[in-house]
1. Answer yes or no: is there a residue in region 206-223 that is of a type in the set (A, V, I, L, M), crowded, with 21+ Cβ neighbours inside 10 Å and within 19 Å of D272 (Cβ to Cβ).
2. Of the numbered conditions (1) buried (at least 22 other Cβ atoms within 10 Å of the Cβ); (2) aliphatic (A, V, I, L, M); (3) modelled with pLDDT of 50 or more, L8 fails exactly one; give the number of that condition.
3. Can you report the number of residues in region 228-255 which are within 28 Å of the chain's Cα centre (by Cα) and either farther than 19 Å from A290 by Cβ or in a helix (DSSP H, G or I) (or both)?
4. Counting just the residues of region 126-174 that are under 22 Å from D203 (Cα atoms) and not in a helix (DSSP H, G or I), which one comes out farthest from the chain's Cα centre (by Cα)?
5. All but one of (1) surrounded by fewer than 17 Cβ atoms within 10 Å (Cβ to Cβ); (2) closer than 30 Å to V146 by Cα hold for G270, so report the exception by its number.
6. For the structure I just gave you, tell me whether S275 is modelled with pLDDT under 95, touching a helix residue (DSSP H, G or I) at 6+ places or on another chain (Cβ under 8 Å) and surrounded by fewer than 24 Cβ atoms within 10 Å (Cβ to Cβ).
7. Just give me the residues in region 57-72 being buried (at least 24 other Cβ atoms within 10 Å of the Cβ), of a type outside the set (A, V, I, L, M, F, W, C) and either part of a helix (DSSP H, G or I) or in contact with a strand residue (DSSP E or B) (Cβ under 6 Å, 6 or more places away or on another chain) (or both), in sequence order.
8. Pick out the one residue from G179, G145 that is assigned by TED's automatic domain parsing to the domain that holds A204, over 16 Å from C244 (Cβ atoms) and out of contact with any helix residue (DSSP H, G or I) (no Cβ under 7 Å at 6 or more places or on another chain).
Amino acid sequence: MRGPSGSLRIVSASMIAVALIAGWAGCGGEQTASSPGAGEAPATPGNPRVALIMKSLANEFFLTMEEGVKAHQAANAAAYALIAQGIKDERDVNRQVQLVEQMVAQDVDAIVIAPADSKLLIAACQKAMDAGIVVVNIDNKFDSGVLAERGIAIPFVGPDNRKGARLVGEYLAGKLSPGDPVAIVEGIPTAFNAIQRKLGFEDAMNAAGMQIVAAQSGSWETSKANQVVSAMITENPGIKAFLCANDSMALGAVAALRAAGKLDTVKVVGFDNISAAQELLQKGEIAATADQHAEHLQVEQIDAHVRDPLGSLELTEEDFAWATLRLMEVADTHARGRVVSVLEGGYDLQGLAGSVGVHLHALMHGESLTAQMEEQSDDEDDET
């Protein structure tokens, strides 16, 4: 069974990858798709239609995400249809609002959205929910305060951005000396993931005794980051490293340093592990980045059953029974045998019904079911 996309890799210039479980599952041409020939992958009539609304498809991270979800849908073409869409640039919030409204008008069954802004997309998503559409938030977390004010909850699947950035920063700190001046190139300041990554970089740099002499937004974009870094090295020529909140901006930082003749003396780190950054890692022009597996982010965290069209964990009823029995063992040890079960949902009713049934059966007949499963396992061992 493949694990959930909650693993984070810090990828360094020496190509040393450290697997770090961070309890997490990303970042940011326009493509608008509403028909099979323009981005919608068909499914068997009557099966759910799922819309993926991403940020800028000029960002390789989201192109990788799009490729991943399309591959998943192609392997599950009989289960659901996919409509994959993106916006022209990271700041085009109004276009994302329009895309959500279009999906409501098309009466899709679910919207999976990486919002360009943590607050301004919530109203449109609430309208989708009021229309009976399932909404799942990925990549950039919706603002919890605005959600609370509106009295709604939208599930989030995404990384611990602060921890991921801190880990990248800690790697960089090992290549610097205490007191070295560094600068941060942050994302769009109103985006939750931008805020969290900046905090993570600050955590690492402050703990290592570095001086953060500048911090400015590169708007997630290569060209903007190039301008920002060029200005920073003019104002602060002694800067030893740039911590960029995504790889697209890291590419801009590298270009600016190369033009200034400083690439050999100033280090750059990023976040996302896009292929363009991997090439610079091999050359030593980027010191490290974080890999958050964009190709799996949008498909692996929703539902776990093998029949479920939006999951990839491929669990069977037997797996759910086994998990229930293990939870009961933990409850017996630590909670006087008390278990609270909450039914969240699922996109395949047959798989959902079977899983709920074996879960309830395990709760009611735990000891006998354990013996039955052990006997079945022994029989299988004898056969092999």
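1. Within region 206-223 (the criterion being of a type in the set (A, V, I, L, M), crowded, with 21+ Cβ neighbours inside 10 Å and within 19 Å of D272 (Cβ to Cβ)), the answer is no, since none of the residues qualifies.
2. (3)
3. First, the residues of region 228-255 that are within 28 Å of the chain's Cα centre (by Cα): 228-229, 241-255.
With either farther than 19 Å from A290 by Cβ or in a helix (DSSP H, G or I) (or both) added as a condition, the list becomes 228-229, 247-255.
Residues that pass the stated criteria total 11.
4. Of all residues in region 126-174, those under 22 Å from D203 (Cα atoms) come to 139-141, 143, 158-174.
With the extra rule that they be not in a helix (DSSP H, G or I), the set shrinks to 139-141, 143, 158-160, 174.
Details: D139: 4, N140: 8, K141: 10, D143: 16, G158: 4, P159: 5, D160: 9, G174: 27 Å.
Taking the candidates together, the pick is G174.
5. In the conditions (1) surrounded by fewer than 17 Cβ atoms within 10 Å (Cβ to Cβ); (2) closer than 30 Å to V146 by Cα, G270 misses (1) alone.
6. On the way: modelled with pLDDT under 95: yes; touching a helix residue (DSSP H, G or I) at 6+ places or on another chain (Cβ under 8 Å): yes; surrounded by fewer than 24 Cβ atoms within 10 Å (Cβ to Cβ): yes.
Considered against the rule, which asks whether it is modelled with pLDDT under 95, touching a helix residue (DSSP H, G or I) at 6+ places or on another chain (Cβ under 8 Å) and surrounded by fewer than 24 Cβ atoms within 10 Å (Cβ to Cβ), S275 comes out as yes.
7. none
8. On the way: G145 fails: assigned by TED's automatic domain parsing to the domain that holds A204.
Of G179, G145, the one residue that is assigned by TED's automatic domain parsing to the domain that holds A204, over 16 Å from C244 (Cβ atoms) and out of contact with any helix residue (DSSP H, G or I) (no Cβ under 7 Å at 6 or more places or on another chain) is G179.
The values are calculated or read from the model by the stated rules, or taken from the named source; none is laboratory data. Computed from a predicted structure; not experimentally measured. Every residue, glycine as well, gets a Cβ built from its backbone with ideal geometry; the counts of neighbours run over all protein chains shown.
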